[in-house]
Amino acid sequence: MKKPFVTLEQLQTITETYPTPFHLYDEKGIRENARALKAAFAWNKGYTEYFAVKATPNPQILKILKEEGCGVDCSSACELMMSERCGFSGDEIMFSSNDTPAEEFEMAAKLGATINLDDLTHVEFLHKTLGYIPKKISCRFNPGGVFQLGESKEGFQVMDNPGDAKYGMTRPQIAEAYTRLKELGAEEFGIHAFLASNTLSNDYYPALARILFQLAVELKEETGAHITFINLSGGVGIPYRPEQPANDIAVIGEGVRKAYEEILVPAGMDDVAICTELGRFMLAPYGHLVTKVLHQKHTYKEYVGVDACASNLMRPAIYGAYHHITVMGKEDQPCDHKYDVTGSLCENSDKFAIDRMLPEVEIGDLLVIHDTGAHGHAMGYQYNGRLRSAEVLLCEDGSTRLIRRAETPEDYFATAIWD
Ligand SMILES: *Cc1c(COP(=O)(O)O)cnc(C)c1O
C-alpha cells in the first residue's frame, strides 16, 4: 500500500494557510534518499549525483540537494541560470543538452560546467563557438537497436528503443569525436548514455555500466583518450503503482561496483569517477499534489471533479501515466467505488485517473496524488487560463514553507501586448 507522507490532520492545518491545489514536498524523505544514494556509491572516490534540474526546478529543492552533496544536470540556459543563482559552479554543473544553441554552450563554458556533447558535429560547433575546446569534455553515446533486460513470461523487465532516440552518437562517431577533441586540446574525457527511462530493475544501471565501461576500455585503446568519468545519467525509476517493487539503490550501487571491478580495474582504469543524473528517483516519491473534491457528476460514468488539473500534473494526460490517489482519512475504507478523477480543462484527457477504484468520495474530501515530486509541477502549463500552483515544503521539523507561490492572473497577463 502506498502511504502519504502527511496525515489528514496535518493537511487540514496546511490547507488553512495554503489553498489547494499545491505540490507538497517532503524534505526528510528527499534528504534520506539522497544519503542512501551517496552511500550506495561511496565505494567510488569521485562519485557525484548531478540532479536533473528539469525534474523539479525549484531553488529551495536544489539547495537541499546541494547540502546533500549533489551537483546539477542542466539542459537549457534557464536551468544554468537557476543553478548559478543557487550557488552551483564549475565541476558541480553538468550540461547535458541536445540541439544546443551556441549561446548556451557559451553560458555553460563561462560557468565552468562540464559539457556533454550530443553529436559529432557539435565538436566543431563548440570549437567555433568558444574558440577553444574545454580541457574536460564528455560525449553522449547511443548504441542504437533495442535495449532489453530480464526476459520472463510477462515480457521484459526493461525495454526501450535507443535506436529511435534522437540522442547521442554512434559507436564510430564517438571514437571520431574523441580523436578530434583530443587534437583540439581536450585532456579529460567522459562518456554518457541514457538508454531506458523509469526502469524498475536493480539491473539497469549495472547493465548500462557494463556497456559504458567496455566502451571506455576500447576508446582508451583506440584514441589514447584519458577517460576520467562515466555518467550513467538518469532512468532509475520509482514504483508509481502500489503493487510494483521499488528499486534497491544499495543493490544497484553494488552491481555497478562489480562491473567496475571486472572491467575497468583490470584495464588499469581504477580512477574513473561515476556520475549519475537522476531526477525521478531523487524527487518523485517525495512530492504530493494535494487537491480538493469540488464536484461529483453522475452521467455515463461516475466523475469526481477536483480543483487541480493537468496544468498541475500533465503525466496522466500526455502519457496515460498512473499516479496513485489516496482519499485522505479514508485509507482504511474499502475501494469499492469506480471513478474518473478529472480536472476542469476543456480537454477530455484531463483526467488524473480513469476507472479507478476508490473509497466512496464526498465533496470537500482532500486527495493526495502520489509521486508528483519529479516531472510534476515542472511540466505545468497555462492552457485554459488555469495557472500553475504553489509549491510547499514540509520541513524536517514538521513546519511548512512556501517555496513557490501560485501564479496569479497578473503573471498570466504579463507577457501579453494590450494595445
Ligand atoms: C531527463 C534527463 C535525466 C533525468 O531522468 P530521470 O528519468 O528523471 O531520472 C537525466 N539526464 C538527462 C540528460 C535527461 O534528459
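Values in this text are rule-based calculations from the coordinates and carry no lab data. Computed from a predicted structure; not experimentally measured. In this analysis, Cβ positions are derived from the backbone assuming ideal geometry, glycine residues included, and neighbour counts consider all displayed protein chains.
A straight line joining the Cα centroids of the stretch 1-28 and the stretch 70-132 runs 36 Å. Computed over the chain with a Gaussian network model linking Cα atoms closer than 10 Å, the most mobile of Phe51, Phe125, Phe22 is Phe125. Convex hull volume of the C-alpha atoms in the chain, normalised per residue: 163 Å³.
With a cut-off of at most 14 other beta carbons within 10 Å, and DSSP calling the residue loop, which GluC sites (Glu not before Pro) in the stretch 158-188 qualify? Please list them. Before the final figure, lay out each step's value.
Numbers: sites: Glu176, Glu183, Glu187, Glu188; in loops: Glu187.
Here the sparse-neighbourhood loop sites are Glu187.
About the Cα centre, and with charges only on the beta carbon of Lys, Arg (+1) and Asp, Glu (-1), how big is the dipole of the chain? Nearest 20 debye, please.
On the way: 40 positive and 60 negative charges, 9 e Å.
Roughly 40 debye, rounded to the nearest 20.
Shape verdict for the stretch 118-218, please, from the Cα gyration tensor: rounded (a/c under 1.5), prolate (a/b greater than b/c) or oblate. Note, shape of the stretch 118-218 comes out prolate.
When only alpha carbons are used to place a centre, the stretch 325-390 and the stretch 180-252 end up 35 Å from one another.
Among residues other than Gly185 whose Cβ falls under 15 Å from its Cβ, what is the net charge (Lys/Arg +1, Asp/Glu -1)? The partial results should precede the final answer.
Working: positive: Lys128, Lys135, Lys136, Arg180, Lys182; negative: Glu124, Glu183, Glu187, Glu188.
Counting the neighbours of Gly185, the net charge comes to +1.
Rounded, prolate or oblate: which one fits the stretch 277-419, using the alpha carbon gyration tensor with axes a ≥ b ≥ c (rounded when a/c is under 1.5, else prolate when a/b beats b/c, else oblate)? The shape class here is oblate. Note on the stretch 27-284: antiparallel DSSP beta bridges, both residues inside, total approximately 15 percent of the bridges counted.
Given the peptides 406-414, 160-168, 238-246, 285-293, arrange them by the average over their residues of other C-beta atoms within 10 Å, most packed first.
Values: 406-414: 11.6, 160-168: 15.2, 238-246: 13.7, 285-293: 24.1.
Put in order of decreasing packing, that is 285-293, 160-168, 238-246, 406-414.
Our helix-only sum for the chain, with -39,500 (n - 2.57) per DSSP H run of n ≥ 4 divided by its residues, gives a mean residue ellipticity at 222 nm of -8500 deg cm²/dmol. With a simple spin-label model that places each label point 7 Å from the Cα along the Cα-to-Cβ direction, the separation between Lys166 and Thr17 comes to 4.2 nm. Of all lysines in the structure, the ones whose alpha carbon falls short of 21 Å from that of Lys63, not counting any fewer than 8 places away in one chain, are Lys28, Lys38, Lys54.
If you stretched the chain out fully between Ile417 and Tyr381, how much longer would it get, using 0.36 nm times the residue separation minus the C-alpha to C-alpha distance? Don't jump to the answer; show the numbers that get you there.
Details: separation 36, 0.36 × 36 = 12.96 nm, distance 1.96 nm.
Taking Ile417 through Tyr381 to full extension adds about 11.0 nm, to one decimal.
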